[in-house]
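Following: one structure in structure tokens, then a few remarks.
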Amino acid sequence: MLSPHTVAVYQTQRETRYPRTPPYHPDRAYPEYPFGERVSGEPNAAYEAVRGALHLLGLDKERYGTPDWNPLGEGLPSEGGDQFAEDTLKRKTEQRVVALTKRVLKNAGRFGARVGVLLKRVGIAVFGDTNRDAIRSGNWHGNDTIWRTVYDVLKCWMYADKSGVLQDAPQRRFFCIVDGLVAGEGNGPLAPKAKACGVCIAGCDPVAVDTTSASLIGFDPDKIRILRNADSARGFRISDVSREEIRCISNNAAWNGSLQEMRETLDFEPHFGWKGHIESPGRLGQTEPSSAS
């Protein structure tokens, strides 16, 4: 069983860009790939990185490298999956129809409201741009609200049953994949600068995954409320892993081991509302952590 203490970080050695032409197939026919020779003519390092992270976690490791590899347990029970509870004709038909539909459907194109775009431009010119220089909507290190909102949403996701009633025990498992092939730094999430990292991060504990991500990009988890306060979430626990228990497994030796042992970081530029307040002590030339934000 996958340990909640373990977070995988896979780093690709290939060109860190996404394919531009849909449907974004992998660029090679991996053994488990179900569509034969229908591969992309462009490099697809994103597919490789996600596949590599799942392999590092040891998911369905006995069948890795075979057509039957099923790391996320999707499908029928007879296929090693837990997407369905029974192997009935109805479920088998559903599985086939859904798979076929995914292959043939195309996206519907984007529609924009021209007047809205023009009004937004006027508003930015008059009042400032939230993504460049204006502190609003809680986009600064002193915000003490949004982390509580995220906790509430996470509690609902973890503990609410199918009727929306919160139960005492978690109602579903959590699995997180962080796409860091081309990440964003600076004024995110709406106006970041692209930063090619070539990494994929994966794990089954939300706080462990985010704490590992923060450490990897050169931020101090103790200075980020949404990570620092995880142990004090009221009513429902959102993590069972302490920071000291987190173990990173990676194909980059510098990232293997505990977070305290991480020898190299990617040193992202923070958002302007957090700059100088969340970087790890070494980046700020400090020997002791500054007061948390």
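The values are calculated or read from the model by the stated rules, or taken from the named source; none is laboratory data. All values reported here derive from a predicted model rather than from experimental measurement. Note: ideal-geometry Cβ built from the backbone for every residue, glycine included; neighbour counts use all protein chains shown.
Evaluate the following for Ser239: is it part of a helix (DSSP H, G or I) and buried (at least 16 other Cβ atoms within 10 Å of the Cβ)?
No: the conditions fail for Ser239.
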- Note on the structure: Subset of region 49-102, residues at pLDDT below 65 and either assigned to a loop (DSSP other than H, G, I, E, B) or under 18 Å from Pro26 (Cβ atoms) (or both), comes to Glu74, Gly75, Leu76, Gly80, Gly81, Asp82, Gln83, Phe84, Ala85, Glu86, Ala99, Lys102
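Rundown of residues vs (1) within 17 Å of Ala8 (Cα to Cα); (2) surrounded by 22 or more Cβ atoms within 10 Å (Cβ to Cβ), yes/no style:
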position	(1), (2)
Val178	yes, no
Val199	yes, yes
Arg225	no, no
Ala230	no, yes
Asp267	no, no
- Message: So, in region 253-265, how many residues would count as being part of a loop (DSSP other than H, G, I, E, B) and surrounded by 16 or more Cβ atoms within 10 Å (Cβ to Cβ)?
- Response: 2
- Query: If you scan region 3-48, which residues turn out to be touching a Leu at 6+ places or on another chain (Cβ under 6 Å) and assigned to a loop (DSSP other than H, G, I, E, B)?
  - Reply: Thr16
- Query: Taking region 40-75 as the search range and keeping residues that are touching a Pro at 6+ places or on another chain (Cβ under 6 Å) and surrounded by fewer than 16 Cβ atoms within 10 Å (Cβ to Cβ), which one is nearest to Pro4 (Cα to Cα)?
  - Reply: Gly65
- Message: If I filter region 217-238 for residues that are closer than 18 Å to Asp179 by Cα, hydrophobic (A, V, I, L, M, F, W, C) and under 16 Å from the mean Cα position of the chain (by Cα), do I get at least one hit?
- Response: yes
